[in-house]
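Below is one structure, written out as structure tokens, with a few remarks after it.
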Amino acid sequence: MEVRRSARRRSTVTAYRDGDTLVVLIPAGMSRAEEKHWVAEMERKLQRTESRRASPARQSDAALLARCAQLSARYLDRDTLPRSVRWVPPMRTRWASCTPTDRTIRVSERLRDVPSWVLDYVLVHELAHLRVHGHDARFWELVRRYPKTERAIGYLEGLSAAAGWGISELDEE
């Protein structure tokens, strides 16, 4: 950890990572007690932000499958598990797809950099298709067990519109 004091800085405190080093920028006139408080606070804040962003499921197909098991246990009564889940090259019209007959899920590489709560929504959506094939009321009842469903849908719609991809919904094959 590195603390940098600045005479130009009056009241703001900022933190960022430079490789493995946490750098905290504070005003030069800050007391040692205030410095200690703000260093601890900024370290906590940065760790929360990093843990939200970095879903371990991004690392491999096996990690995606493990995340599906966790999400199924939490939101779908543990009885909805795919046979396989894998990252695939970017799809033209979908974020992910599911084939219920062979219990496989494919997730577009475009989702590797989205926040973990968005990826979790996509996985819950596809897991729900293993129980309900269409998008009827029973399906949406299952999906909406995931508390950030509406927020994630909005995020994906905005991402698609901003990038000009034309992806409007998730669907099964």
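The values are calculated or read from the model by the stated rules, or taken from the named source; none is laboratory data. It should be emphasised that the depicted structure is a prediction, and the values quoted were computed from it without experimental measurement. Because the Cβ atoms are built from the backbone with ideal geometry, glycine has one as well, and the counts that use them run over all protein chains shown. Each accessible area value is taken on the protein alone, full model and side chains, heavy atoms only, with ligands, DNA and RNA left out. Shrake-Rupley method; radii C 1.70, N 1.55, O 1.52, S 1.80 Å.
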Query - Helical mean residue ellipticity (222 nm; -39500 (n - 2.57) per DSSP H run of 4+; nearest 500) of the chain - result: -13500 deg cm²/dmol
Query raised in the report: Per residue, what accessible area does region 1-137 have, given a 1.4 Å probe and all protein chains present, in Å²?
Result: 56
Requested in this report: Could you look at region 123-163 and say what percent of its accessible area is carbon and sulfur, using a 1.4 Å probe and all protein chains?
Outcome: 53
Query raised in the report: Using the C-alpha atoms of region 2-53, what convex hull volume per residue, in cubic angstrom, is computed?
Result: 73
Report task. Kindly work out what percent of the DSSP beta bridges joining two residues of the chain are antiparallel, to the nearest 5. Result -> 45
Requested in this report: Within region 82-111, which residues have the backbone N less than 17 Å from the label spot 7 Å out from Arg138 along Cα→beta-carbon, could you tell me?
Outcome: 100-101
Query raised in the report: What is the gain in length, in nm to one decimal, between Ser6 and Lys36 on full extension, counting 0.36 nm per residue of separation less the C-alpha to C-alpha distance?
Result: 9.2 nm
